[in-house]
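Let me give you the structure first, and then I'll get to my questions.
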Amino acid sequence: MSEKEDLAKQKAEAAARAKAVALARKQAKAEAAEKPEVDMDIAKQKAAAAAKAKAASLARKQAKEEAAEKPEGEMDIAKQKAAAAAKAKAAALAKKQAKEEEAAEKPEGEMDIAKQKAAAAAKAKAAALAKKQAKEAAEKPEGEMDIAKQKAAAAAKAKAAALARKQAKEEAGEKPEGEMDAAKQKAAAAAKAAALARKQAKEEAGEKPEGEIDAVKQKAAAAAKAKAAAAAKAKAAAAAKNRTAAQESEEADTPSEISPNQSKLDQIVSAIESHVGQGALLENYINRLSKDVPTLVANPDTYFSIAKFLRYDEQLDFSYLSELHGTDFESHMEIYVHLHSFKMNQSVALKVKLDRDTPVIPSLVPLWSGANWPECEAYDLLGINFYEHPDLKRILLGEDWKGYPLRKDYEPYDVEV
């Protein structure tokens, strides 16, 4: 069989199928016209189903006959594709006709109401989605809106708007020419409402051009850091206040029993007042929280004189400096020196309070060489200046470091580090 005969046969078969489908529709319409209006829907549905089944059966039968006419393996690939395309076209045509018949079954009044309800539902869904997205965007602080989320929200809005436009076009295409203008007006109104919702969402979300996003983020970061610094400062002040209150409470609750080191404290105080002066010490006490160590609080003007006396007095002979460190109490700075006398087999603590704004005190390196590095450390981390120190320098941080990390109000110069 030649290719022309095959093509003619396929055309004839397609014409026969189309004729059969048309005849089935005509019969279905005739049967529907004979029945009462109440049975119209059921009859049309049955007729449409019968026509579809008949067309499908005829197509299968013809395919079987064509396959049986040729030996196995001789079926041309091009003919198979043509047959498949013809079948797909017939199925699409049947589907379209069924849709038209279903649409024709409904009265015009019911069709308009159904379409209006569908359009209203689509609009309400799109508006709810836009409102939800706008609310989510408005809940975020300024400057923290991620660019990726903004793009995703914009894509979702665009998709919803496109869906609304598509539904409006489909509704407009199904309506008669007389209703076309009204459908277009509704579609235009829906598009306008969607655009307005997008604009409002952008305004509420605080979206800015790409060039301004960095500035907004920087401002937000700076505000957050300032807030964190203020909170840390307030926390430190509260902690210092609590420490002072606890110390006062502990001192008030100190037992009345005399410390075994009280006699040695009295001996040291008496010697200092005799050789340095009556007003050399601001106060003295037994520190029961530190193994009852005798503690001397010196006047800044007499600090070095008292230290020198403790170092070189033959009876006292505090020749060993075991500790020196500084502390920021926010209201003032304080130097704490721990000394030990092997001759007396006794330790003593020497303290001095400094002005926080200008913490300056004489160096003890001329008396104890072991004070060298501890004083450099206090200078490096707290900014306490020890004058007459032989080589005062920063030993942990660089000379160009900004600020003093152990101060309670310290803020890094480079906030990103």
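Would you point out the residue of the range 43-53, among those that are closer than 12 Å to A20 by Cα and surrounded by fewer than 15 Cβ atoms within 10 Å (Cβ to Cβ), that is modelled with the highest pLDDT?
Residues of the range 43-53 that are closer than 12 Å to A20 by Cα, as a first pass: 50-53.
Among the residues that remain, those that are also surrounded by fewer than 15 Cβ atoms within 10 Å (Cβ to Cβ) are: 50, 53.
Details: A50: 72, A53: 76.
Once the filter is applied, the top-ranked residue is A53.
Against the condition closer than 25 Å to L382 by Cα, at pLDDT below 95 and either open to solvent by less than 40 Å² (accessible area, probe 1.4 Å) or not in a strand (DSSP E or B) (or both), how does E330 come out, does it pass? Before the answer, list the steps.
Working: closer than 25 Å to L382 by Cα: yes; at pLDDT below 95: yes; either open to solvent by less than 40 Å² (accessible area, probe 1.4 Å) or not in a strand (DSSP E or B) (or both): yes.
It is true that E330 is closer than 25 Å to L382 by Cα, at pLDDT below 95 and either open to solvent by less than 40 Å² (accessible area, probe 1.4 Å) or not in a strand (DSSP E or B) (or both).
So, in the range 291-311, how many residues would count as being under 55 Å from the mean Cα position of the chain (by Cα), over 11 Å from V348 (Cα atoms) and of a type in the set (S, T, N, Q)?
Here the count works out to 1.
Of the conditions (1) open to solvent by 10 Å² or more (accessible area, probe 1.4 Å); (2) over 25 Å from G398 (Cβ atoms); (3) out of contact with any strand residue (DSSP E or B) (no Cβ under 7 Å at 6 or more places or on another chain), N372 fails just one. Which one is it?
Checking N372 against (1) open to solvent by 10 Å² or more (accessible area, probe 1.4 Å); (2) over 25 Å from G398 (Cβ atoms); (3) out of contact with any strand residue (DSSP E or B) (no Cβ under 7 Å at 6 or more places or on another chain), the one that fails is (2).
Just checking, does the range 359-375 include any residue being under 24 Å from A238 (Cα atoms), in a loop (DSSP other than H, G, I, E, B) and out of contact with any Ser or Thr (no Cβ under 8 Å at 6 or more places or on another chain)? Break it down stepwise before answering.
Of all residues in the range 359-375, those under 24 Å from A238 (Cα atoms) come to 359.
From what is left, the residues that are in a loop (DSSP other than H, G, I, E, B) are 359.
Adding the requirement that they be out of contact with any Ser or Thr (no Cβ under 8 Å at 6 or more places or on another chain) leaves 359.
Yes, the range 359-375 has at least one match.
Which one of these is of a type in the set (K, R), buried (at least 17 other Cβ atoms within 10 Å of the Cβ) and more than 30 Å from P405 (Cα to Cα): R311, R356? It would help to see each step written out before you state the result.
Working: R356 fails: more than 30 Å from P405 (Cα to Cα).
After ruling out the rest, the residue left standing is R311.
Given the options L281, L339, L364, L324, name the one that is surrounded by 14 or more Cβ atoms within 10 Å (Cβ to Cβ), over 30 Å from K241 (Cβ atoms) and without any contact (Cβ under 8 Å) to a residue 60 or more places away in the chain. So that I can check it myself, show each step before the final result.
Details: L281 fails: over 30 Å from K241 (Cβ atoms); L364 fails: without any contact (Cβ under 8 Å) to a residue 60 or more places away in the chain; L324 fails: over 30 Å from K241 (Cβ atoms).
So the residue among L281, L339, L364, L324 that is surrounded by 14 or more Cβ atoms within 10 Å (Cβ to Cβ), over 30 Å from K241 (Cβ atoms) and without any contact (Cβ under 8 Å) to a residue 60 or more places away in the chain is L339.
Look at G383 and say whether it is under 46 Å from the mean Cα position of the chain (by Cα) and either surrounded by 13 or more Cβ atoms within 10 Å (Cβ to Cβ) or at pLDDT below 95 (or both). Reasoning before the result, please.
Numbers: under 46 Å from the mean Cα position of the chain (by Cα): yes; either surrounded by 13 or more Cβ atoms within 10 Å (Cβ to Cβ) or at pLDDT below 95 (or both): yes.
Yes.
Taking the conditions exactly as written (in contact with a Pro (Cβ under 7 Å, 6 or more places away or on another chain), of a type outside the set (V, I, T) and part of a helix (DSSP H, G or I)), does L289 satisfy them or not?
Details: in contact with a Pro (Cβ under 7 Å, 6 or more places away or on another chain): no; of a type outside the set (V, I, T): yes; part of a helix (DSSP H, G or I): yes.
Against the criterion (in contact with a Pro (Cβ under 7 Å, 6 or more places away or on another chain), of a type outside the set (V, I, T) and part of a helix (DSSP H, G or I)), L289 does not qualify.
The values are calculated or read from the model by the stated rules, or taken from the named source; none is laboratory data. Everything numeric in this text was worked out from a predicted model, so none of it was measured. Reconstructed Cβ throughout: ideal geometry from the backbone, glycine too, with neighbour counts over all protein chains shown. Remember, those area values only see protein heavy atoms, side chains included, never the ligands or the DNA or RNA. Shrake-Rupley method; radii C 1.70, N 1.55, O 1.52, S 1.80 Å.
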